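To start, the structure under review is shown below, and the notes come after it.
The values are calculated or read from the model by the stated rules, or taken from the named source; none is laboratory data. Predicted model only: the values in this text are computed from it and were never measured. Here the Cβ positions follow ideal geometry from the backbone for every residue, glycine too, while neighbour counts run over all protein chains shown. Ligands, DNA and RNA are stripped out before the accessible areas are found, and what is left, the full protein with its side chains, is counted by its heavy atoms. Shrake-Rupley method; radii C 1.70, N 1.55, O 1.52, S 1.80 Å.
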Amino acid sequence: MKNYLYPLMPLVAVLPMVSCSNKVEQSLKDQRMNIVYIMTDDHAFQAISAYGHELAKLAPTPNLDRLANMGILFQRAYVENSLSTPSRACLMTGMYSHQNGQTMLSNKLDTTVTFVPEIMHEAGYQTAVIGKWHMLCEPRGFDTYRVLRDQGEYYNPVFKSNDSNGEYITEKGYATNLITSHAIDFLENRDKSKPFLLYVHHKAPHRPWMPDFKYLDLYEDVEFPLPETFYDDYATRGAATKEQRMRIDENMSMLYDLKLFGYKGTHQYDTDNMLEYAMGTMTPEEKERWIAAYNKKNKDFLENINQLSHDEIVRWKFQRYVKDYLRVIKSVDDSVGEILDYLEKNDLLDNTMIIYTSDQGFYMGEHGWFDKRFMYEESFRTPLIVHFPGNKGGTKSETLVQNLDFGPTFLDLAGAKQPKEMFGRSILPVLKKDGAEPENWRKTLYYHFYDHTAEHNVLRHDGVFGKRYKLIHFYDETGAIPSYEEFYDLEKDPNELNNLIGNPEYKNLIEEYMNTLSQTRKDIGVTEY
């Protein structure tokens, strides 16, 4: 038997199958594999140097690369709904958005459903979540939790914990560093006789991309390249690409997003003093230092803004956005390094699966955009790096995986039964094959975005994706915009610029994908489309 199975062997010797309703008696030292799940908010795969993107070549992520060299870099990892709260609900329940009720930011999760950590706790795991929760319900199934309020603050954030009597308490420091410190505290003080499941949920790099003081000037002398699709005119695409409000040019705030203090803007987030709110937990001294750092960088731009062309201003906005975003990522990469160092120092690497991912992808100027929501590649696709003890490391996987698969994977490791309402699949067979696709693996993934009414005005849509081909069905719940489809051949058109609907050469393929989409909706119980 290959050595990657050895951490699971005590299951055969001492444990029967574990169910949610029955705890089993654990051995004095349970040797089942530990799990560290690290998730960021809005981390684009383009911003991890292991993926080889031009941005990250200029802003490398050595600790994430170190993790990739230890494990598997997934090239085909995706989400089922590219929006923070629905993605987190999917993680906690193992269900599609339409199943758990969390289809949008504003509606509530069906709290009658069982959370994955509840099952893991019943199976004998010590469970913890540290960092961003961002769901309209209390954490459930955790021995330990310490979570941010709502989106959380970057500086001196407030945390609620299982021992704070329901109160949020301010902690001095930078959010990424504090979350890392609390995660290591849990590892240091856990019950050593039990396996553990630790969720480390960073706020970073969520808007408005506020770097730690030590990185405020990082990359200041670097000129990051514009994406080749930055000036996309959406010529072959439908209403959704034209109705959206996520363009760096038109929809990015000079003050809230870009910290251009002194600029008199008309953007909603400028007039509502949103940046002042985001800086509200800073001390007066911190705020003064932070504003001074940006004022120094803003001086030349503000003095010359009336002489700059529209395109020069847009390019400046891109550079400021990308630099702040990557500065925030630098702290995340440091965090990953600290956690890896702790696990290595304490001889835990040989029995701990480590997952690094994001709650969805993000646009780094592709199509002229920031944010996420669309089923197009940069938003739909998410980074995923997995260290699994026993695999050879430094491998890449083309296997189709989705965030629906994390819950089933954890349950599989625990020896717990997967509830029938979970449509995801354990990826342990993929991990045990060093990323290679197992027999009878899925051929397509399903995606569904609902939150048309949210700020960025992205039309509702669902679709199916099969590595090379992608079918997207757009629809308007109000009926004001007729529904329509788009179809892409990503092998010939990786930037998804050429919608092939109506192309006679693809007629049979499009029909096949339309049938697949229809059948998938029936199989998983989707009624809105």
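A few remarks follow.
- Residues in the stretch 421-438 that are assigned to a helix (DSSP H, G or I) and out of contact with any strand residue (DSSP E or B) (no Cβ under 7 Å at 6 or more places or on another chain): L428, P429, K432.
- Restricted to the stretch 243-253, and to residues there that are open to solvent by less than 20 Å² (accessible area, probe 1.4 Å) and in contact (Cβ under 8 Å) with a residue 60 or more places away in the chain, the residue that is farthest from K287 (Cα to Cα) is Q244.
- Neighbours by Cβ (under 7 Å, 6+ apart or cross-chain): first from the stretch 368-385, over 19 Å from N499 (Cα atoms); second assigned to a loop (DSSP other than H, G, I, E, B) and among the hydroxyl-bearing types (S, T, Y): F370/Y363; D371/Y363; K372/S82; K372/Y363
- Within the stretch 378-406, the set of residues being open to solvent by 10 Å² or more (accessible area, probe 1.4 Å), touching a strand residue (DSSP E or B) at 6+ places or on another chain (Cβ under 6 Å) and not polar (S, T, N, Q) comprises R381, H387, K396.
- Some residue of the stretch 298-316 being under 27 Å from the mean Cα position of the chain (by Cα) and not hydrophobic (A, V, I, L, M, F, W, C): yes
- Condition met for L509 (open to solvent by 40 Å² or more (accessible area, probe 1.4 Å) and farther than 22 Å from S397 by Cβ): yes
- Looking only at the stretch 407-424, and only at residues there that are more than 18 Å from A77 (Cβ to Cβ) and in contact with a Cys (Cβ under 9 Å, 6 or more places away or on another chain), the one that is surrounded by the most Cβ atoms within 10 Å (Cβ to Cβ): A416
- Among the residues listed as I472, I501, the single one being aliphatic (A, V, I, L, M), under 23 Å from the mean Cα position of the chain (by Cα) and at pLDDT 95 or above: I472
- Candidates Y484, Y475, filtered to the one that is within 26 Å of D232 (Cα to Cα) and touching a Gly at 6+ places or on another chain (Cβ under 6 Å): Y484
- Residue within the stretch 190-198 that is buried (at least 21 other Cβ atoms within 10 Å of the Cβ), touching a helix residue (DSSP H, G or I) at 6+ places or on another chain (Cβ under 9 Å) and either assigned to a loop (DSSP other than H, G, I, E, B) or of a type in the set (V, I, T) (or both) present: yes
- Subset of the stretch 42-55 that is out of contact with any strand residue (DSSP E or B) (no Cβ under 7 Å at 6 or more places or on another chain) and part of a loop (DSSP other than H, G, I, E, B) - its residue that is surrounded by the most Cβ atoms within 10 Å (Cβ to Cβ): A44
- Among the numbered conditions (1) assigned to a loop (DSSP other than H, G, I, E, B); (2) more than 25 Å from Y363 (Cα to Cα); (3) touching a helix residue (DSSP H, G or I) at 6+ places or on another chain (Cβ under 7 Å); (4) not aromatic (F, W, Y), the only one that P208 does not meet is (2).
- Qualifying residue in the stretch 517-529 (condition: small (G, A, S) and in contact (Cβ under 8 Å) with a residue 12 or more places away in the chain): yes
- Within the stretch 99-151, considering residues that are of a type in the set (A, V, I, L, M, F, W, C) and assigned to a strand (DSSP E or B), the one surrounded by the most Cβ atoms within 10 Å (Cβ to Cβ): I130
- Just one of the listed residues (Y269, Y263, Y321, Y215) is over 26 Å from the mean Cα position of the chain (by Cα) and surrounded by 13 or more Cβ atoms within 10 Å (Cβ to Cβ), and it is Y263.
- Just one residue in the set N298, N306 is free of Cβ contacts under 8 Å to residues at least 24 places away in the same chain and either out of contact with any Pro (no Cβ under 6 Å at 6 or more places or on another chain) or open to solvent by less than 60 Å² (accessible area, probe 1.4 Å) (or both); that residue is N306.
- Scope the stretch 332-361; condition open to solvent by 10 Å² or more (accessible area, probe 1.4 Å) and of a type in the set (D, E); matching residues: D334, E338, D341, E344, D347, D350
- With respect to the conditions (1) in contact with a Leu (Cβ under 9 Å, 6 or more places away or on another chain); (2) touching a residue at least 60 places away in the same chain (Cβ under 8 Å); (3) surrounded by 21 or more Cβ atoms within 10 Å (Cβ to Cβ), T85 lacks only one, and its number is (2).
- Boolean, T111 is at pLDDT 95 or above and out of contact with any Gly (no Cβ under 6 Å at 6 or more places or on another chain): no
- Exclusive hit being open to solvent by less than 10 Å² (accessible area, probe 1.4 Å), touching a residue at least 40 places away in the same chain (Cβ under 8 Å) and not β-branched (V, I, T), set A293, A240: A240
- Residue count for the stretch 56-98, restricted to those that are more than 12 Å from the chain's Cα centre (by Cα), of a type in the set (A, V, I, L, M) and part of a strand (DSSP E or B): 2
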